[in-house]
Ligand SMILES: Cc1cc2nc3c(=O)[nH]c(=O)nc-3n(C[C@H](O)[C@H](O)[C@H](O)COP(=O)(O)O)c2cc1C
């Protein structure tokens, strides 16, 4: 596990260790998409990891799907994120903003524009979504025309510039977990007949165009992407060609020399080994629900350069100190994951607080 605590260079950044806070939606942004007041404390508390990736953040009105998710396309958004980026840097970490376009995973009750989501094709995911009126079926999305797809690429580019304006070290394109970018990959969401549908190359095109546009705008050394090969979340089925799509995509992305690739382990060791070989840059690996005893194993074996953790860091602001001390960890409280106040957000105790509990 020790290597995890060694510093590592990533592009021009020096990370204090090889632990990454995975992006996590918390649903506490203001109505206009400005990050909530408590977000500064939340992220600053966790700045002992090498890199913090923000919660999924929409690049445009249209990119919102859930209530309370933040944006990064207005001056108010930039000002809100600037306070967070400053606090994370002051704490010794580096900060990337995850650009998440929800695509078809949206509901009119959740968004400022009050319309359905937009998507490669008019296919509902067959899932329900949280709304202010409780769980509701996700409606059939509106299809993006070819020119709207090109406009969406521009929206990502614009948002990436705003993220850097806010002081983020870079952006991570959310290409995982069933949102817009992955919707293009999957025949279960994409039956287009233009240059964004059909062949593996066509289905990978949108992700590549977004990466190229952002790298052109803010530099490849500030552009990253997250992928979840084979994930079936939110109605995704990548079909038999799925593994080949990722081999092709990662090979193409590698040529762009982006700052990192963040992968959810596909559960297929052969495919994971192929992706590691095809990607010559920094690789961050996430294994959902990784047992405590295996923390550090992928860095030790060199399958990954860094390991990311979600729930463990959500529930343990001093995750690094707890790991070093081989101490027990707080359990995360699911009921406070999305929305709400400071409970389950900035009130998880550190080891020190465990030892000297405060009485109020
Ligand atoms: C509350 C919560 C919100 C999440 N939101 C996002 C998100 O906005 N973007 C994303 O890429 N993944 C998101 N994830 C997935 C995590 O980044 C991570 O991949 C997942 O939790 C598995 O890792 P873990 O077992 O270490 O938590 C979320 C997970 C949780 C628990």
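Computed values, structure above
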{"quantity": "Of all residues in the stretch 54-71 being under 20 Å from residue 170 (Cα atoms) and part of a loop (DSSP other than H, G, I, E, B), the one that is farthest from the ligand (Cβ to nearest atom)", "calculated": "60"}
{"quantity": "Residues located in the stretch 279-296, provided they are farther than 14 Å from residue 22 by Cβ and surrounded by fewer than 17 Cβ atoms within 10 Å (Cβ to Cβ)", "calculated": "280, 291, 292, 293, 294"}
{"quantity": "Within the stretch 316-333, considering residues that are in contact (Cβ under 8 Å) with a residue 40 or more places away in the chain and either surrounded by fewer than 18 Cβ atoms within 10 Å (Cβ to Cβ) or within 11 Å of residue 348 (Cβ to Cβ) (or both), the one nearest to the ligand (Cβ to nearest atom)", "calculated": "319"}
{"quantity": "Lone qualifier among 140, 153 - being modelled with pLDDT of 95 or more, in a loop (DSSP other than H, G, I, E, B), under 22 Å from residue 196 (Cα atoms) and more than 16 Å from the ligand (Cβ to nearest atom)", "calculated": "140"}
{"quantity": "Selection within the stretch 179-192 - outside any helix (DSSP H, G or I), in contact (Cβ under 8 Å) with a residue 60 or more places away in the chain and more than 10 Å from the ligand (Cβ to nearest atom)", "calculated": "188, 189, 190, 191, 192"}
{"quantity": "Positions within the stretch 168-177 being assigned to a loop (DSSP other than H, G, I, E, B), buried (at least 24 other Cβ atoms within 10 Å of the Cβ) and within 11 Å of the ligand (Cβ to nearest atom), in sequence order", "calculated": "176"}
{"quantity": "Inter-residue pairs, beta-carbon under 6 Å, first free of Cβ contacts under 8 Å to residues at least 60 places away in the same chain and under 11 Å from residue 169 (Cα atoms) and in the stretch 208-226, second in a helix (DSSP H, G or I) and away from the ligand (no atom under 16 Å from the Cβ), 6+ apart", "calculated": "218/160; 218/164"}
{"quantity": "Residues of the stretch 224-244 classified as farther than 16 Å from residue 276 by Cβ and assigned to a loop (DSSP other than H, G, I, E, B), total", "calculated": "8"}
{"quantity": "Criterion violated by residue 195 - all others in (1) within 18 Å of the chain's Cα centre (by Cα); (2) part of a loop (DSSP other than H, G, I, E, B); (3) within 19 Å of residue 252 (Cβ to Cβ) satisfied", "calculated": "(1)"}
{"quantity": "Total residues in the stretch 72-105, condition under 28 Å from residue 116 (Cβ atoms), within 12 Å of the ligand (Cβ to nearest atom) and not in a loop (DSSP other than H, G, I, E, B)", "calculated": "3"}
{"quantity": "Residue under evaluation residue 49, criteria (1) touching a strand residue (DSSP E or B) at 6+ places or on another chain (Cβ under 6 Å); (2) under 25 Å from residue 152 (Cβ atoms); (3) at pLDDT 95 or above; (4) in a loop (DSSP other than H, G, I, E, B), criterion not met", "calculated": "(2)"}
{"quantity": "Residues (out of contact with any strand residue (DSSP E or B) (no Cβ under 8 Å at 6 or more places or on another chain) and either within 11 Å of the ligand (Cβ to nearest atom) or not in a loop (DSSP other than H, G, I, E, B) (or both)) located in the stretch 286-315", "calculated": "289, 291, 292, 293, 294, 297, 300, 311, 312, 314, 315"}
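Results for (1) over 14 Å from residue 107 (Cβ atoms); (2) crowded, with 22+ Cβ neighbours inside 10 Å, shown as yes or no for each residue.
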position: 120; (1), (2): yes, yes
position: 125; (1), (2): no, yes
position: 128; (1), (2): no, no
position: 134; (1), (2): no, no
position: 141; (1), (2): no, yes
position: 146; (1), (2): yes, no
position: 151; (1), (2): yes, no
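The values are calculated or read from the model by the stated rules, or taken from the named source; none is laboratory data. These numbers were taken from a predicted model, which means no experiment stands behind them. Cβ coordinates were reconstructed from backbone atoms using ideal geometry, including for glycine residues, and neighbour counts include every protein chain displayed.
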